[in-house]
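Shown next, in structure tokens, is the structure this report addresses.
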Amino acid sequence: MSSADSIPTKNSEAKTHPPIEVSAALIFRGGKLLITQRHAGAHLGGLWEFPGGKREPGETFEACLVREIREELGAEITVDKLCEEIFHDYPEKSVHLKFFRCQLLAGEPQPLDCAAVRWVNPRELADYEFPAADAQLLQKLAASPWRAD
């Protein structure tokens, strides 16, 4: 047996922590999709993402999303259908993401707990850098005739 065979690789090591559960919103308005930028000092800082956040114990993914949009953007939403569910492993953690189609009910989204907010055309998403976990959804958005409202 060579020495390379006896050294465990990062990929072969078992994950010791359960995945972080995250709920994210796909909010369309006037043909555009809402994205937010992560704070520079945060994990994956400076990258763009779909607004949302970590699910608290005992909280549904939908309730998490309503709370996070209120806290992060100062807006009220209704959560419609689940559009995508993704499990992704980063070197330092694993995430379980659920992306929901949502409707903006009240309030203009403001960057209360994020660096910036933007309304972008789905075909412009390629101009923004997103976390690796979002790649599968971004491909679907680019390929699909998504309706704005």
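Bear in mind that the values in this text are calculations on the coordinates, not laboratory data. Computed from a predicted model, the values in this text were never measured in an experiment. As a convention, Cβ positions derive from the backbone with ideal geometry for all residues, glycine included, and neighbour counts pool all protein chains shown.
3J(HN,Hα) along segment 18-25, derived from phi through the Karplus expression 6.51 cos²θ - 1.76 cosθ + 1.60 where θ = phi - 60°, amounts to x, x, 6, 8, 10, 10, 9, 9 Hz, with x in place of Gly and Pro.
So if I take the alpha carbon set of segment 55-143, get Rg, then get Rh from the Kirkwood formula, what is the Rg over Rh ratio?
On the way: Rg = 13.9 Å, Rh = 14.6 Å.
With Rg and the Kirkwood Rh in hand, the quotient comes to 0.95.
Label separation (R118 vs Q139): 2.3 nm, computed from points 7 Å beyond Cα along the C-beta direction. Taking only the Cα atoms of segment 43-102, the radius of gyration and Dmax are 12.1, 34 Å.
In the chain, helices alone account for a calculated mean residue ellipticity at 222 nm of -5000 deg cm²/dmol, with every DSSP H run of four or more residues adding -39,500 (n - 2.57). In order along segment 33-49, the Karplus-derived 3J(HN,Hα) couplings, from 6.51 cos²θ - 1.76 cosθ + 1.60 at θ = phi - 60°, round to 10, 7, 10, 10, 9, 6, 4, 4, x, 7, 4, 6, x, x, 6, 8, 7 Hz, and Gly and Pro are given as x. Segment T78..K32, full-extension length gain: 14.8 nm, with 0.36 nm per residue of separation and the alpha-carbon distance subtracted.
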